[in-house]
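The values are calculated or read from the model by the stated rules, or taken from the named source; none is laboratory data. Keep in mind the model is a prediction, meaning the values are calculated, not measured. All Cβ positions, glycine included, derive from the backbone under ideal geometry; neighbour counts span all protein chains shown.
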Amino acid sequence: MSDIPVTADPGETPAGAAGAGTVADLTAAPQAAVADVPPELLAQSLGQYFRAWWVRVRGGDSGVLPVVLAIVVVAISFQVANPAFLSAQNLVNLFEQSTVYMVLAMAEIFALLLGEIDLSVGLVMAFGSVVVAELVQPTGLNWPWWVAIIAALLACAAVGAIQGSLVARLRMPSFIVTLGGLLILEGVAIILLGPGLVSIGNSQFRNEVVLYDIFWGRLDPVVSWILLAVLVGAAGTGLWLRDARKRRQGLETPPRSLTAMKIVLMAVAGIAVVAICNVNRAHFGTIEGVPYIIPIVLVVLAASTVLLQRTRFGRYVYAIGGNPEAARRAGVSLPAVRTWGFVLAALTAGIAGVLFASWQVSLTTNIIKTANSYVLLAVAAAVIGGTSLFGGRGKTIHGVLGGLVIGAIYNGLYLLGVSSWWIDVVVAAVLLAAAAIDVLSRRGAPRQA
Amino acid sequence: MTADPGETPAGTADGTMVADPTAAPKAAAADVPPELLAQSLGQYLRAWWVRVRSGNSGVLPVVLAMVIVAVIFEIITPQHAFLRPSNLVYIFGLSTVYMVLAMAETVVLLLGEIDLSVGAVALFGGVIAFKLVQQPGPAWPWWAAILTALVSCGLIGAFTGTLTARLRIPSFVVSLGMFLLFSGILIVVLGGANGTVGVSSSALDQRVIFDLVQGLISPVASWVALAVVVAAAGTALWLRAAARRRQGLVAPPAGLTAIRIVLVALVGVAVVMICTVNRGTLLVTVAGVPWVIPIVLVVLGAWTLLLQRTRFGRYVYAIGGNPEAARRAGVNLAAIRTWAFALCSATAALGGILLGSFFFGEYSTNTADPGQLVLYSVAAAVIGGVSLFGGRGKPVHGVLGGLLIGAIAYGVSLLSLGQLATPLQYIVPGVVLIVAVLVDVLSRRGTGSVTRV
């Protein structure tokens, strides 16, 4: 920690008081350095660990606790208002609706962690969905589905690279660049869509069927259970072995019981999801099994988590978000990392675009309005999930949990017959509340902006 | 007279944030406009050119851009129709909405903040005013309706401002949330997705609101009013400069004051001439200056006075230049910021009322897209010369930028583009916004006060 220049001679220090993103109040650095070692890492027993965790929650760094509480509160309120809310049918529906929010929120988190914001993720999603749907049209290019997906993702990444370069190299404010980018993409999407509609719903063409099944396809119930067993077995073994190795090497490790608890929690959550999804949710006939999109979201989550938590790039992202000047002095190339952050945000938004195309089946210019409202949902989901707007704090799992909250709010209000503009009003209120909580919790924390 | 570098606040801060202290001495020297020191007209022009070269080019780029845009559109529009008086007057009317919104946005941008809710708040204010003069309905007098709209939007702005100023939630997030909130509330107030509210020219209290943009001053009255305004402004300008010269204060050379007065008169004569050409038919004469032009001038005058001649205005510039320095100098940051957001939203409400009047007194959910309005107003302010990073800009920049945006928006719609027309409505403002900010960023580089981080 001490290689960060913590000195802060007031004569030399840049003015501290400031808001979003770029603030570097160096006087806060010494406390921040101490707080950066999570107290859990030093805990030796489960009891100690929980006490340390509670201290951290009290200090404003509450992790996923608020969002889990929010999910419980939202679920209970809607269940009271409408008993159909927690039916297996609606829950699967809710998971499906939430996936696009989740992936978009994960995209946004790449920008938020850097202390930037990407307001174009919604339109990048729309752009990606239009590109992928256009490319597989049998009357058009008729590309194989996987080539179309790769092409769409590359196109989105290119958009991110342009925006990222403008932000990172010229230091244009990210919200302006991405606002302008959003508008340009709106125009481009309208041009690509043309006057009619683009559909991937024709079951005669294999490419369209595959794309359709990304969102609407399901695993067989038996396969779902087997896959769950394999996943939990693999993840559990991996976690256990990693902790055991760290313990052997005398590194800081969470207590053994905690590792066991994490694995059990994971298994319980997995079993609950699979059990819900395997209930027959059709009015007539049989619709059961885990939708493909659940494992897809898990893969995106795992990939982004590994990238951010276990690679040098990820460490640099957090370093820049925490204190750009300190990161620069430590030798991090700010322009490169920032540009890649925007590329990854756009790429992830492109994945959301593929899901979105599959979800909507038919794309018309109406998707533009939808996509525009998704930007706010993505930011709200990330912030509700526990990612800070000021950079340096958050994980992609927050996007998944926050996306679930947003999806639940939408789904629940929709079930209650609330009209869409009132839902917008509620989501706006939730965003403002989440932002206010983010700011206030940072006040409580020792590292204040 | 100048600037002890040790004491002066760093001139310009990056996006409200970090001020690079090493840049302070240069910035401080640049803070005294060289024109102030010039004694003759020649010296003044040379000093001005130095300032333009160093990146602080004022209204020059936007005026140049306006000339270029006018020439290009005149060439490429079918039948070279762009510069016809009827089109120009239409552009004036359309632009006034952007002008007022850009002036609203300017005060927030000067602080180094941004308000993305001006579009939604403007539409909300417009709908409120329209609703209140409905007969049957509340049937309020027009002035009470307008006042209520301004005050209620001012309160909304005060709320946005409080969240930003006291909690220090980034303004773009707060105002983004308010944008979504009021886009929804707007539809609720309008009475659902198909709701409309209109004013007609038949009822008295509705007619005033209808006439704000649609009404015309008769040609003769237009000329008389122009003469009075130019004479009054010219006399005031001349007397002020003369008084300063007598008292030994820094004053522009007398030649410059004369040139300014002549310029004001020329622009006024040009506008009145364009507006008093008959743009109707041989049978139905449509001629005269729209009421909205003096209204915008009044708003411009009020904002200019507030920002350039009052303590509030000086504090706004101080905060925009360097919030920390302003705080240490005893400025109440939270109060000034909150007031700025409140005034911004109140001004936006006026823009919303003008917008409804411009669309022939009819408000529906399709009248204007609040998101696009925000972008146009931010782009107008930045194109006009207001810096996104705070502390640099004047209300008149918003007016010029608004005129340019209006000219581009209308010019594009004049071209027969077929299918490309709709996408270009999005692409053009997006490109314009990015280019304007790019110029802003690059011109700040020229002044040597861009921070590295």
Q. Limited to segment A:39-52, what total is found for residues that are at pLDDT below 80 and surrounded by 15 or more Cβ atoms within 10 Å (Cβ to Cβ)?
A. 5
Q | Output for segment A:197-219, where each listed residue is of a type in the set (K, R) and in contact with a strand residue (DSSP E or B) (Cβ under 6 Å, 6 or more places away or on another chain) | A | A:R218
Q: Output the number of residues of segment B:176-189 satisfying the condition of being within 14 Å of B:V118 (Cβ to Cβ) and more than 10 Å from every other protein chain (Cβ to nearest Cβ).
A: 0
Q) Is there a residue being touching a residue at least 24 places away in the same chain (Cβ under 8 Å), more than 14 Å from chain B (Cβ to nearest Cβ) and either in a helix (DSSP H, G or I) or not aliphatic (A, V, I, L, M) (or both) anywhere in segment A:238-248? A) yes
Q | In segment A:157-213, the residues that are part of a loop (DSSP other than H, G, I, E, B) and more than 9 Å from every other protein chain (Cβ to nearest Cβ) | A | A:G196, A:L197, A:I200, A:G201, A:N202, A:S203, A:Q204, A:F205
Q) Taking B:T160 and the conditions (1) of a type in the set (V, I, T); (2) at the interface with chain A (Cβ under 7 Å from one of its Cβ atoms); (3) within 16 Å of A:V430 (Cα to Cα), which numbered condition does it fall short on, given that it satisfies the others? A) (2)
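Of the residues B:G192, B:G137, which is free of Cβ contacts under 8 Å to residues at least 40 places away in the same chain and within 13 Å of another protein chain (Cβ to nearest Cβ)?
Numbers: B:G137 fails: within 13 Å of another protein chain (Cβ to nearest Cβ).
Selected residue: B:G192, the only one of B:G192, B:G137 that is free of Cβ contacts under 8 Å to residues at least 40 places away in the same chain and within 13 Å of another protein chain (Cβ to nearest Cβ).
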Q.
Can you tell me which of (1) farther than 25 Å from B:Q214 by Cβ; (2) of a type in the set (V, I, T); (3) in contact (Cβ under 8 Å) with a residue 40 or more places away in the chain is the one B:T422 doesn't meet?
A. (3)
Q: Having 3 or more residues that are in contact with a Leu (Cβ under 7 Å, 6 or more places away or on another chain) and either modelled with pLDDT of 85 or more or among the β-branched types (V, I, T) (or both) is the bar; report the helices (runs of 4 or more DSSP H) wholly within segment B:186-297 that clear it.
A: B:254-276
Q. How about segment B:308-321: which of its residues are in contact (Cβ under 8 Å) with a residue 24 or more places away in the chain, buried (at least 21 other Cβ atoms within 10 Å of the Cβ) and away from chain A (no Cβ under 14 Å)?
A. B:V316
Q: For segment A:62-85, enumerate the residues that are surrounded by 17 or more Cβ atoms within 10 Å (Cβ to Cβ) and over 18 Å from the mean Cα position of the chain (by Cα).
A: A:V74, A:A75, A:F78, A:F85
Q.
I'm checking my understanding of the structure. Among residues of segment A:110-125 that are of a type in the set (G, A, S) and not in a helix (DSSP H, G or I), which one is farthest from A:A382 (Cα to Cα)?
A. A:S120
Q: Tell me the helices (runs of 4 or more DSSP H) entirely within segment A:354-449 that contain at least 2 residues that are away from chain B (no Cβ under 13 Å).
A: A:366-385, A:396-415
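Of these, A:S420, A:S358, A:S362, A:S441, which one is modelled with pLDDT of 90 or more, among the small types (G, A, S) and surrounded by fewer than 19 Cβ atoms within 10 Å (Cβ to Cβ)? Spell out how you get there, then give the answer.
Details: A:S420 fails: modelled with pLDDT of 90 or more; A:S358 fails: surrounded by fewer than 19 Cβ atoms within 10 Å (Cβ to Cβ); A:S441 fails: modelled with pLDDT of 90 or more.
Only one candidate passes the filter, namely A:S362.
If you check A:A107 against the conditions, is it outside any loop (DSSP other than H, G, I, E, B), at pLDDT 80 or above, touching a Ser or Thr at 6+ places or on another chain (Cβ under 6 Å) and closer than 23 Å to A:A381 by Cα?
On the way: outside any loop (DSSP other than H, G, I, E, B): yes; at pLDDT 80 or above: yes; touching a Ser or Thr at 6+ places or on another chain (Cβ under 6 Å): yes; closer than 23 Å to A:A381 by Cα: yes.
It is true that A:A107 is outside any loop (DSSP other than H, G, I, E, B), at pLDDT 80 or above, touching a Ser or Thr at 6+ places or on another chain (Cβ under 6 Å) and closer than 23 Å to A:A381 by Cα.
From the list A:L431, A:L413, A:L440, exactly one residue is closer than 13 Å to A:S373 by Cβ and of a type outside the set (F, W, Y). Which is it? Show your work before the answer.
Values: A:L413 fails: closer than 13 Å to A:S373 by Cβ; A:L440 fails: closer than 13 Å to A:S373 by Cβ.
None of the other options fit; the residue is A:L431.
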